[in-house]
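Structure first, then comments.
The values are calculated or read from the model by the stated rules, or taken from the named source; none is laboratory data. Treat the numbers as computed from the prediction; the structure is a model and nothing was measured. Backbone-built Cβ (ideal geometry, glycine too); neighbour counts: all protein chains shown. Accessible surface is based on the protein model in full, side chains and every heavy atom, while ligands, DNA and RNA are left aside. Shrake-Rupley method; radii C 1.70, N 1.55, O 1.52, S 1.80 Å.
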Amino acid sequence: MLPFETVVQTHGAVVLRVCRAAVGPVDADDAWSETFLSALRAYPDLPADANVQAWLVTIAHRKAIDMHRAAARRAVPTAELPDRQQTAPDENHALWAAVAALPDTQRLAVAYHHIGGLPHADVAALLGNSTAAARRACADGIATLRRTTTRSELL
């Protein structure tokens, strides 16, 4: 079994992209951290032949659900708007905005399949629908992204 540090280095970027698509750029770092904290605890019990990336994407999915539920339960009154979080200069804001604008099922299906690399059957299990529905959601999401974004916006 690989050292956990190697797992983080190998799959960290994919998990961050999945978290970002699932919870947005503001909460993505927290979801990423929670994902790897949970994974660290469970990693010693992971079978040697397990698909580590799929396992991590599944944990990230569950952490995203936890974050959405927690956010819905708490009110955040404030007298002033907080400063916007600064983002790295190499991030593609147009693409992330287009992904964020997709309906939830399409956004998550695209994130889990195209960013996380999960097969449609696993995406269906995470979303609670059929493999055909997951495949359709992925296709519809990608079609919408192609319609709503131009190549020049993405470069």
key: Mean separation of Cα contacts under 8 Å (6+ apart) over length of the chain, as relative contact order %   = 26 percent
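Let a ≥ b ≥ c be the square roots of the eigenvalues of the Cα gyration tensor of the stretch 54-150; is it rounded (a/c under 1.5), or, if not, prolate (a/b larger than b/c) or oblate? Display every interim value, and only then the final one.
Working: a/c = 2.06, a/b = 1.35, b/c = 1.52.
Oblate shape, in that a/c is at least 1.5 and b/c is the bigger or equal ratio.
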remark   = Averaged per residue, the 1.4 Å probe accessible area of the chain, protein heavy atoms only, in Å², is roughly 62 Å²
note = If each part is reduced to its alpha-carbon centroid, the stretch 92-118 and the stretch 8-81 end up apart, in Å, by 15 Å
key: Unit charges on C-beta of K, R, D, E only; dipole of the stretch 1-115, Debye   = 340 debye
request  = Find me the longest stretch of the chain that has none of the exposed trypsin sites (Lys or Arg not before Pro), where exposed means in a DSSP loop (not H, G, I, E or B) with at most 10 other Cβ atoms within 10 Å.
outcome  = 1-73
ask   = Carbon-plus-sulfur fraction of the accessible area of the stretch 1-131, 1.4 Å probe, in percent?
value = 55 percent
